[in-house]
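J.: Structure in structure tokens, see below.
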Protein chains: 2
Amino acid sequence: MKRPNLSLYLVTDDRYFQDRDLIGTIEQALQGGVTALQYRFKKKPARQMYEELLVLRELTKRYSVDLVVNDRVDLAMAVGADGVHVGQEDLPPDVVRRLVGDSMYIGYSVNSVDKLRDIEHLPIDYIGFGSVYETTTKENYKLVGIEGLRQATKLTDKPIVAIGGITHYRVQEVLSAGAKGIAVVSAILGFEDVKRATEAMVEAMKGYYRKLMHS
Amino acid sequence: MKRPNLSLYLVTDDRYFQDRDLIGTIEQALQGGVTALQYRFKKKPARQMYEELLVLRELTKRYSVDLVVNDRVDLAMAVGADGVHVGQEDLPPDVVRRLVGDSMYIGYSVNSVDKLRDIEHLPIDYIGFGSVYETTTKENYKLVGIEGLRQATKLTDKPIVAIGGITHYRVQEVLSAGAKGIAVVSAILGFEDVKRATEAMVEAMKGYYRKLMHS
């Protein structure tokens, strides 16, 4: 099993690819410096997702970037993804582990500090935790806030990837709350120049770690 | 791998379960005599499908009825289905076979005689072929007609399950065209009394085989 590298974790979304080339746009983000890509689409037929994932599997390998598939464990297995990500409405993590064995890591979405207490026994390798800030990407999301994030990183030993409304000027706050990685949709895909938006995130993260080393 | 038993093959559909209990309705069809159930829903979260499938797995076993899962190979594997069914927009059959090994049979939808010529090499165990008649269950379907079905059963050695607009009074025509099984949605689920609608189909099929034996 590959060790997850989720420092800057791009998550896709149907709405940002309605008039935009998927592969070309993703490649811009890879050039800009994302370390992981989560393929998450809800409105495409499986055959199309499989074909796109085959291309993205090659592309992410070329950039040494992790490929994670959301929800569809079968697609993750079919293309040899590095990881699979499931939420509360997807297959339970223990069932996913039974299907994938040790071939890939498993991520799990948690959206409250309370729920975090129930998951220590689950066979998961990281936690996607949020929404840290207000977001327009998801409807009916739950806000955990930066304080919730801080509590969460103290409550569990599993790496926490923060998600929800994170932009480059919030990176410092999120990382200092203890997040091991930052997952974004809009902060990268919401921009015309995806490469540059990615670079802005990378710069903000580097800035934080630089400061940390010199403090 | 279980040998498929698709004589009377019930396929589910979101629209018929909007105000109706899934498990209770399916049990009526099992009591009425379906030999296989294809779980096909397009609008439910995976977790809900998984939980429903766990119940249906027990139920179908109790009635010695095959359980087949549409599209989601991961769900089929997770609940130990007897088969998985994929269409032209789902994962390709050879990829499915790689995932499931010999643990289950694979069905594949074909909707024209021409396409039938390309599939002899595919690792599939039966073909769902249609639409034989006009249907309201699927939008943008292709009509193969009873003549298309007759040609199809001559063109391939794989068992053909006929689908699309088949009712009890068309059973004889469909079976004499060479179909090994009949798949229905509306002919069973379109009725208030699902058990009785199923029995009407079973009676029509028995009637055909009785006549055949005495001719």
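J.: Residue check: is A:Lys61 at pLDDT below 95 and more than 8 Å from chain B (Cβ to nearest Cβ)?
T.: Working: at pLDDT below 95: no; more than 8 Å from chain B (Cβ to nearest Cβ): yes.
Against the criterion (at pLDDT below 95 and more than 8 Å from chain B (Cβ to nearest Cβ)), A:Lys61 does not qualify.
J.: Of the residues that make up the stretch B:86-106, is at least one without any contact (Cβ under 8 Å) to a residue 40 or more places away in the chain, polar (S, T, N, Q), within 14 Å of chain A (Cβ to nearest Cβ) and not in a helix (DSSP H, G or I)?
T.: yes
J.: Being open to solvent by less than 30 Å² (accessible area, probe 1.4 Å) and farther than 27 Å from B:Val86 by Cα, is that true of even one residue in the stretch A:77-85? Working first, answer last.
T.: Let us first name the residues in the stretch A:77-85 that are open to solvent by less than 30 Å² (accessible area, probe 1.4 Å), namely A:78-79, A:81-85.
Among the residues that remain, those that are also farther than 27 Å from B:Val86 by Cα are: none.
No, the conditions are met nowhere in the stretch A:77-85.
J.: Checking A:Ile119 against (1) at pLDDT 95 or above; (2) over 15 Å from A:Ala183 (Cα atoms); (3) more than 14 Å from the chain's Cα centre (by Cα); (4) more than 14 Å from chain B (Cβ to nearest Cβ), only one condition comes out false. Which one?
T.: Condition not satisfied by A:Ile119: (1).
J.: Please work out which residue is nearest to A:Lys138 (Cα to Cα), limiting yourself to the stretch A:21-45 and to residues that are open to solvent by 10 Å² or more (accessible area, probe 1.4 Å) and either without any contact (Cβ under 8 Å) to a residue 24 or more places away in the chain or of a type in the set (Phe, Trp, Tyr) (or both).
T.: A:Phe41
J.: Of the residues B:Asp82, B:Asp13, only one is closer than 20 Å to B:Lys158 by Cα and at pLDDT 95 or above; which? Quick ask: steps written out before the conclusion?
T.: Values: B:Asp13 fails: closer than 20 Å to B:Lys158 by Cα.
Going through B:Asp82, B:Asp13 in turn, the sole match is B:Asp82.
J.: In this structure, is A:Asp66 on the phi > 0 side of the Ramachandran plot and in contact (Cβ under 8 Å) with a residue 24 or more places away in the chain?
T.: Values: on the phi > 0 side of the Ramachandran plot: no; in contact (Cβ under 8 Å) with a residue 24 or more places away in the chain: yes.
Taking the combined requirement at face value, the residue does not satisfy it.
J.: Restricted to the stretch A:153-166, and to residues that are over 16 Å from A:Met205 (Cα atoms) and touching a residue at least 40 places away in the same chain (Cβ under 8 Å), which residue is surrounded by the fewest Cβ atoms within 10 Å (Cβ to Cβ)?
T.: Going through the qualifying residues, I end up with A:Leu155.
J.: Out of the residues in the stretch B:191-215 that are surrounded by fewer than 16 Cβ atoms within 10 Å (Cβ to Cβ) and among the small types (Gly, Ala, Ser), which is farthest from B:Leu37 (Cα to Cα)?
T.: Going through the qualifying residues, I end up with B:Ser215.
J.: Also, quick follow-up: Confirm whether A:Glu27 is part of a helix (DSSP H, G or I), touching a Leu at 6+ places or on another chain (Cβ under 8 Å) and away from every other protein chain (no Cβ under 14 Å).
T.: Numbers: part of a helix (DSSP H, G or I): yes; touching a Leu at 6+ places or on another chain (Cβ under 8 Å): yes; away from every other protein chain (no Cβ under 14 Å): yes.
When the stated conditions are applied, A:Glu27 passes them.
J.: Quick one: which of A:Val171, A:Val185, A:Val144 is open to solvent by less than 80 Å² (accessible area, probe 1.4 Å) and closer than 24 Å to A:Leu22 by Cβ? Before the answer, list the steps.
T.: Numbers: A:Val171 fails: closer than 24 Å to A:Leu22 by Cβ; A:Val144 fails: closer than 24 Å to A:Leu22 by Cβ.
Testing whether each residue is open to solvent by less than 80 Å² (accessible area, probe 1.4 Å) and closer than 24 Å to A:Leu22 by Cβ leaves just A:Val185.
J.: List the number of the failed condition for A:Val79; all other conditions in (1) under 11 Å from the mean Cα position of the chain (by Cα); (2) within 14 Å of chain B (Cβ to nearest Cβ); (3) of a type in the set (A, V, I, L, M, F, W, C) hold.
T.: (1)
J.: Under 9 Å between Cβ atoms, at least 6 apart or on separate chains: pull out the pairs that start in the stretch A:197-210 with a residue that is closer than 16 Å to A:Leu30 by Cβ and end on any residue that is of a type in the set (Val, Ile, Thr) and open to solvent by 20 Å² or more (accessible area, probe 1.4 Å).
T.: Close Cβ pairs satisfying both conditions: A:Ala200/A:Thr167; A:Met201/A:Thr167.
The values are calculated or read from the model by the stated rules, or taken from the named source; none is laboratory data. It should be emphasised that the depicted structure is a prediction, and the values quoted were computed from it without experimental measurement. Note that we place each Cβ from the backbone using ideal geometry, even for glycine, and neighbour counts take in every protein chain shown. SASA here: full protein model, heavy atoms, side chains in, ligands and nucleic acids out. Shrake-Rupley method; radii C 1.70, N 1.55, O 1.52, S 1.80 Å.
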